[in-house]
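The values are calculated or read from the model by the stated rules, or taken from the named source; none is laboratory data. Just so it is clear, the model here is predicted, and its values are computed rather than measured. We place every Cβ from the backbone using ideal geometry, glycine too, and count neighbours over all the protein chains shown. Protein only, heavy atoms only, side chains kept; ligands, DNA and RNA dropped before computing areas. Shrake-Rupley method; radii C 1.70, N 1.55, O 1.52, S 1.80 Å.
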Amino acid sequence: MIEINTIKGMNEWTKSKKSEKLSVGFVPTMGFLHEGHLSLIERAKQETDLVVMSVFVNPLQFGEGEDFDDYPRDKQRDASLAEAHGVDVLFYPDVEEMYPTPLSVTLKVHQGVDVLCGGSRPGHFDGVATIVMKLLQIIEPEKAFFGMKDAQQVSVIKRMVTDFNLKIEIVAVEIVRDEDGLAKSSRNVNLSSSERAEATKIYQTLKQVKHKALDKHTSDIPGLERWTKNQLKSQLIEGEIDYVQILNFPELTMPTDYEGEMILAVAVYYERARLIDNITWHQRG
Ligand code: AMP
C-alpha cells in the first residue's frame, strides 16, 4: 500500500493506472476504521482491480457545536488496517490540502434533506456532497462504495451522480453490526459502558418494527412510528431520541402508497455520540 497526501500525487497515480487500463474502486471514510469500513474495502476488491481509500474528517459536514474536534482519529491504526485488508492507496490529505482557500462554489442538496439527519443537521449533506464531488474528481474511480449505515448519504450521492451525469457507479453495502446488533460506528468509542449496553436496544426495536410491518402488513405508518418511539423511550434511559421516521427508500419521501422499498431510520443522542441506525424492507402492495 502507498500513502498519498496531495491532490497532485493522487492525480498522477490515477493517470498512470488509467493508462494501464486498471479499474479503480473508491471507499471514502473519515477514518478510525472498523469492520463496517473493512466490508466496503472487501466489496471494492471483489469488483475493481485497485482500491483507493480516503481518510478525511471533513469540516464542511460538521455543524457548529458538533463533534468535529471530538471525532476519533488514529492515523497509524487506520494505515495498518487498510494495508492489512488490501487497500492499494490510502489517500490522506489534510484540511489545507482539500480546502486551501474558502470554497467559492459549494454544492447544495435540495431534495431528501428535510428529513432524518438532514433535518437535524442543516447543511450537513451540502458538506457531504461537496467533499464527495471533490474526491470523485480527484480519484476518478469507476465505482464508489458507501455503507447503508448512512442510508441518507447513499440516497443523496446517488441523486448527485444522476443530476451531474457523473460516470461512476455507486454501490451500497449492507450494515455491519457487532454481535449484539449495535451498528459498527467510529463514534461507538465515545459511548460510556452503560450507554454502550443500552444502545443494543436500538436495533432490537428496529427488527421488531420490521416484523410488525411485514407480518401484520400494517399500513398505519404514523402508528408504527409512534410504536417505535414509545418502545425506544421505555428502554432508553441515557439516550435521547432525535428522530424516528419511516420513508420510501431511496426517495426519502413520505409513503403514500404503502408498497415498495421502505426504510425505518432512527437517531439517538448520547452524551458524546449521536448514533444512527436503520432497517429496510420490501413492502408488497
Ligand atoms: P464514516 O467514516 O463514518 O464517514 O463512514 C465511511 C463509510 O463507511 C460510509 O459509506 C459509511 O456508510 C460506511 N460505514 C460506516 N459504518 C458502517 C457499518 N457499520 N456498516 C457498513 N458500512 C459502514
Quick check, is residue 267 small (Gly, Ala, Ser), touching a residue at least 60 places away in the same chain (Cβ under 8 Å) and part of a strand (DSSP E or B)?
yes
Are there any pairs, at least 6 apart or on different chains, whose C-beta atoms fall under 7 Å, with the first in segment 20-42 and farther than 10 Å from residue 53 by Cα and of a type in the set (Phe, Trp, Tyr) and the second modelled with pLDDT of 95 or more and within 7 Å of the ligand (Cβ to nearest atom), and if so, which?
32/186
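With 207, 184, 212 as the choices, which residue is modelled with pLDDT of 95 or more, surrounded by fewer than 17 Cβ atoms within 10 Å (Cβ to Cβ) and not polar (S, T, N, Q)?
207
Any chance you could count how many residues in segment 214-233 are in a helix (DSSP H, G or I), polar (S, T, N, Q) and in contact (Cβ under 8 Å) with a residue 12 or more places away in the chain?
The total comes to 2.
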Matching entry among 247, 275, 252, 236 (being touching a Lys or Arg at 6+ places or on another chain (Cβ under 9 Å) and closer than 18 Å to residue 116 by Cα)
275
So residue 198, is it within 26 Å of residue 186 (Cβ to Cβ), open to solvent by 60 Å² or more (accessible area, probe 1.4 Å) and without any contact (Cβ under 8 Å) to a residue 60 or more places away in the chain:
no
Six or more apart or on different chains, Cβ atoms under 6 Å: show the pairs whose first residue is in segment 133-149 and open to solvent by 10 Å² or more (accessible area, probe 1.4 Å) and whose second is within 13 Å of the ligand (Cβ to nearest atom) and aliphatic (A, V, I, L, M).
143/171; 147/173; 148/172; 148/175; 149/175; 149/183
Given the criterion closer than 27 Å to residue 268 by Cβ and assigned to a strand (DSSP E or B), identify the matching residue among 57, 52, 27.
27
Going through segment 252-271 in order, the residues found to be open to solvent by 90 Å² or more (accessible area, probe 1.4 Å) and either at pLDDT 95 or above or assigned by TED's automatic domain parsing to the domain that holds residue 119 (or both) are 269, 271
Of all residues in segment 18-44, which are in contact with a strand residue (DSSP E or B) (Cβ under 6 Å, 6 or more places away or on another chain), away from the ligand (no atom under 15 Å from the Cβ) and open to solvent by 10 Å² or more (accessible area, probe 1.4 Å)?
22
Members of segment 136-180 found to be within 22 Å of residue 247 (Cα to Cα), more than 9 Å from the ligand (Cβ to nearest atom) and not in a helix (DSSP H, G or I), listed by number:
170, 171
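Kindly provide the set of residues from segment 234-251 that are in a strand (DSSP E or B) and open to solvent by 80 Å² or more (accessible area, probe 1.4 Å), ordered by number.
240
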Selection from segment 45-60 of residues that are in contact with a Lys or Arg (Cβ under 9 Å, 6 or more places away or on another chain) and either within 9 Å of the ligand (Cβ to nearest atom) or without any contact (Cβ under 8 Å) to a residue 60 or more places away in the chain (or both)
49, 50, 51, 55, 57
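In segment 84-109, which residues are among the small types (Gly, Ala, Ser) and open to solvent by less than 40 Å² (accessible area, probe 1.4 Å)? Walk me through it before giving the result.
Kept after step one, since they are among the small types (Gly, Ala, Ser), are these residues of segment 84-109: 84, 86, 104.
Residue satisfying the conditions is 86 alone.
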Condition test on residue 81, is it outside any helix (DSSP H, G or I) and surrounded by 13 or more Cβ atoms within 10 Å (Cβ to Cβ)?
no
Being out of contact with any Lys or Arg (no Cβ under 7 Å at 6 or more places or on another chain) and assigned to a strand (DSSP E or B): is that true of residue 197 here?
no
Quick one: count up the residues across segment 111-135 that are within 16 Å of the ligand (Cβ to nearest atom) and among the polar types (S, T, N, Q).
1
